[in-house]
Amino acid sequence: MDAYRVETVPKQDGTLQLSGLPWQAGAPVEVIVLGQSAAPRTGNLYPLRGTPVTYVHPFEPVDEDQWDAEQ
């Protein structure tokens, strides 16, 4: 499947018009509309990066019932 990206703004009535598409008339296409956020996300994208990790009893055997529940 070929992808073609175009950015446009909806008209006042909520419609979109696409022109100049690289496919022939009558060719089946799939249209996915994704809204863009008004402002790019700022701040720390990875708040836990660099946080120390502590393992409590890392070498203790795991109870078989707990092991099955975690999977």
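The values are calculated or read from the model by the stated rules, or taken from the named source; none is laboratory data. This is a predicted model, so every value here is computed, not measured. For neighbour counting, all protein chains shown are included, and Cβ atoms are generated from backbone atoms with ideal geometry for every residue, glycine included.
Some observations on this one:
- Qualifying residue in segment 51-59 (condition: surrounded by 10 or more Cβ atoms within 10 Å (Cβ to Cβ) and either among the hydrophobic types (A, V, I, L, M, F, W, C) or within 23 Å of the chain's Cα centre (by Cα) (or both)): no
- Of the residues in segment 27-37, at least one is surrounded by 10 or more Cβ atoms within 10 Å (Cβ to Cβ) and without any contact (Cβ under 8 Å) to a residue 60 or more places away in the chain.
- Residue in segment 48-59 that is touching a residue at least 24 places away in the same chain (Cβ under 8 Å) and part of a loop (DSSP other than H, G, I, E, B) present: no
- Residue tally, condition modelled with pLDDT under 90 and on the phi > 0 side of the Ramachandran plot, over segment 18-39: 1
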